[in-house]
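J.: One structure is given below, represented as structure tokens, and several questions about it will come after.
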Amino acid sequence: MKKLILLTTIVLSFNACKNSENNTEEVPQLPKQEFAIIIHGGAGTILKKNMTPEKEAAYKSKLEEAIRVGYNILKNGGTSLEAVTKTINVMEDSPLFNAGKGAVFTHEETNEHDASIMDGKTLNAGASAGTTTVKNPIDLARAIMDNSPHVMLSGKGADTFAKEQGLQMVDPSYFHTDTRFKALQKIKNQEKTELDHDTKVSFYDDTIQDSKFGTVGCAALDKDGNLTAGTSTGGMTNKRWGRIGDSPIIGAGTYANNATCAVSSTGWGEYFIRGMVAYDISALMEYKGLSLKEASKEVVQNKLSNLGGTGGIVAVDKNGNMVAEFNTAGMYRATMDDKGNLVIGIYEDEEEKP
Ligand code: ASP
């Protein structure tokens, strides 16, 4: 009988939490997880009709590989800081995602990376913007947090700091991928046909704003109750003038606080900065007592959408509840709870247990 009640509770709470209309998902959970991890690989107009089975399988397999790295760290009693960093490293090393190896191109045909990480225990944080030679930008964000008196470094100075820290450096050509290069050329050709583009950046064009897919992020809770969030990206295709998005902005792209939750964002960065999306979710929990799901829904579906922004977040709270909330057609995502249950999703109304 007890078992039946428990099962009914889980099923009911799962149904109550799932709301495909708003692209909201909450993984069914027992009251408290010992540890938990959730990742994203970018959000946007990801439609099944535009995806080949091979491509879909490749994304799912890389998401699984990445999340299992973090899961094993957490399971063995490692810190959420380590789990987030190492999980993001796997996605940074894959050309599939717009981070590290697969970063998109700037207008000047270079690759400029942004990343950030935040420790929910100390509220310490590290961020880097516009780097060009650090192989794994999330490692740099972590080094800035751990080994510098600063929170954010940018450009050449950040690359120099990375080198001094002994991080792996690469020639900028390491980040060249044909797919991303072609995407830039397509946008540039389109730009040429625009009559008035003196001050306009073509990534604001509706038809191409989704060319930025693939920012990566991770939020995790470890066995000591510590929360960490991290995000890494190449930004938006055709960005120029040293444009920096939300990913390295603490409070917009990344936020973590042991008292509330850890959040990593992905989407149209300008709106996430203006909406202070990641911090706002934490603040609604801290000051208004909202649940993670309620807070995420409020910020993404109402505030962000009303501003005109598109994208989503992944988040985990201090009890290990995980939420993937997005207002786009899809978001590459995966979760693992402390029982090792893996759930992977790509499209709006889809999740799969491999
Ligand atoms: N938020 C990133 C940026 O605006 C891009 C993305 O997440 O797709 O730089």
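The values are calculated or read from the model by the stated rules, or taken from the named source; none is laboratory data. Not measured: the values here are computed from a predicted model. Cβ placement follows ideal geometry from the backbone for every residue including glycine, while neighbour counts extend to all protein chains displayed. Accessible surface is based on the protein model in full, side chains and every heavy atom, while ligands, DNA and RNA are left aside. Shrake-Rupley method; radii C 1.70, N 1.55, O 1.52, S 1.80 Å.
J.: Residues being more than 13 Å from the ligand (Cβ to nearest atom) and assigned to a strand (DSSP E or B): count how many of those fall in the range 231-257.
T.: Adding up the residues that qualify gives 3.
J.: With the requirement that a residue be at pLDDT 90 or above, among the polar types (S, T, N, Q) and open to solvent by less than 30 Å² (accessible area, probe 1.4 Å), what does the range 10-69 give you?
T.: Matches in the range 10-69: Gln33 only.
J.: Let me ask you something else. Does any residue of the range 114-121 turn out to be at pLDDT 95 or above, among the β-branched types (Val, Ile, Thr) and closer than 25 Å to Ala36 by Cα? Break it down stepwise before answering.
T.: Step one: of the range 114-121, the residues at pLDDT 95 or above are 114-121.
Still in the running and among the β-branched types (Val, Ile, Thr): 117.
Keeping just the survivors that are closer than 25 Å to Ala36 by Cα gives 117.
Yes - at least one qualifying residue is present in the range 114-121.
J.: Looking at Lys212 and the list (1) surrounded by fewer than 24 Cβ atoms within 10 Å (Cβ to Cβ); (2) at pLDDT below 95, which single condition is not satisfied?
T.: It is condition (1) that Lys212 fails.
J.: Here's something else I'd like to know. Which one is nearest to Asp317 (Cα to Cα), of the residues in the range 90-135 that are β-branched (Val, Ile, Thr) and within 16 Å of the ligand (Cβ to nearest atom)? Walk me through how you get there before you give the answer.
T.: First pass over the range 90-135, keeping only residues β-branched (Val, Ile, Thr): 90, 104, 106, 110, 117, 122, 131-134.
Next, only the ones that are within 16 Å of the ligand (Cβ to nearest atom) stay: 104, 106, 110, 117, 131-132.
Details: Val104: 31, Thr106: 35, Thr110: 37, Ile117: 16, Thr131: 31, Thr132: 33 Å.
Filtering the range 90-135 for residues that are β-branched (Val, Ile, Thr) and within 16 Å of the ligand (Cβ to nearest atom), the one nearest to Asp317 (Cα to Cα) comes out as Ile117.
J.: Sticking with this structure for a sec: Report, ordered by the first and then the second residue, all pairs with beta carbons closer than 6 Å, sequence separation of six or more or different chains, a first member in the range 68-88 that is more than 17 Å from Thr231 (Cα to Cα), and a second member that is part of a helix (DSSP H, G or I) and open to solvent by 10 Å² or more (accessible area, probe 1.4 Å).
T.: Close Cβ pairs (under 6 Å, with a partner that is part of a helix (DSSP H, G or I) and open to solvent by 10 Å² or more (accessible area, probe 1.4 Å)) amount to Ile73/Glu82.
J.: Specify the residue that is farthest from the chain's Cα centre (by Cα); the eligible residues are those in the range 229-257 that are open to solvent by 10 Å² or more (accessible area, probe 1.4 Å) and of a type in the set (A, V, I, L, M). Before the answer, list the steps.
T.: Within the range 229-257, the subset open to solvent by 10 Å² or more (accessible area, probe 1.4 Å) is 240-244, 249-250, 255, 257.
Next cut, of a type in the set (A, V, I, L, M) only: 244, 249-250.
Numbers: Ile244: 15, Ile249: 12, Ile250: 13 Å.
Filtering the range 229-257 for residues that are open to solvent by 10 Å² or more (accessible area, probe 1.4 Å) and of a type in the set (A, V, I, L, M), the one farthest from the chain's Cα centre (by Cα) comes out as Ile244.
J.: Now for a different question. If you scan the range 216-228, which residues turn out to be within 14 Å of the ligand (Cβ to nearest atom) and either open to solvent by 10 Å² or more (accessible area, probe 1.4 Å) or among the small types (Gly, Ala, Ser) (or both)? So that I can check it myself, show each step before the final result.
T.: Quick first cut of the range 216-228, residues within 14 Å of the ligand (Cβ to nearest atom) only: 216-218.
Gly217 - this is the single residue of the range 216-228 that is within 14 Å of the ligand (Cβ to nearest atom) and either open to solvent by 10 Å² or more (accessible area, probe 1.4 Å) or among the small types (Gly, Ala, Ser) (or both).
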